[in-house]
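Before any comments, here is the structure.
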């Protein structure tokens, strides 16, 4: 074990411990620009997330009073905490720099753009992070084209496995 980090192994990727993923967002929206944001959480929320519970499928990001907020994300209550628990769908403040908030605000004021949450995860330091993106809503024909491309990729990989 000759390593520069004193024998400690480095984790394989940035998004190793994915807590919640919004798969429908990439289907419903054309994702354009992504960025990482910290989330302001209370202790019971972190403990519930460490148990692997959490849902961002119906959530969205809102900018109010020059602050970014994660709205409608569901982190269920942590049972052992009893009376000191949190509200499961409370708004959570996102930790972004002023320049990033202004950039997001400028993007959303354009036609048809919105801010969506793509993935919630713990980074290598153990901090809860949220991958957010500016996106444009897809029309039905765009969604059908995405589905056709996905099916073709599955067929292609299946054929390549069988033949070679």
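A Förster radius of 45 Å combined with the Cβ-Cβ distance from residue 158 to residue 33 puts the calculated FRET efficiency at roughly 0.85. Rounded to the nearest 5, the antiparallel percentage of DSSP beta bridges internal to the chain is 100%. Taking the chain as a Gaussian network of alpha-carbon nodes connected by springs under 10 Å, the highest mean-square fluctuation of the residues 141, 121, 78 belongs to 141.
For residue 125, project a label point 7 Å along Cα to C-beta. Then give me every residue of segment 35-67 with its amide nitrogen under 15 Å of that point. Correct set: 36-41.
For the residues 118, 94, 41, a GNM of the chain with alpha-carbon springs under 10 Å puts the largest fluctuation on 41. Stretched out straight at 0.36 nm per residue, the stretch from residue 57 to residue 105 would grow longer than its current Cα-Cα span by 15.1 nm. Relative contact order of segment 102-149: 32 percent, from C-alpha pairs under 8 Å at least 6 residues apart in sequence.
Computed over the chain, the Cα gyration tensor eigenvalues convert (square root of 5λ each) into semi-axes of 29, 26, 18 Å, ordered from largest to smallest.
Centroid-to-centroid, using Cα positions, segment 144-164 and segment 63-127 are 35 Å apart. Using a Gaussian network model of the chain whose springs link C-alpha atoms within less than 10 Å, name the residue from 144, 113, 92 with the highest mean-square fluctuation. Result: 144 has the largest fluctuation of those listed.
Quick note: the coordinates plus some simple rules give every number you see, no bench work behind them. These figures come from a predicted structure and were not determined experimentally. Don't worry about glycine lacking a Cβ; one is built from the backbone with ideal geometry, like all the others, and counts go over all protein chains shown.
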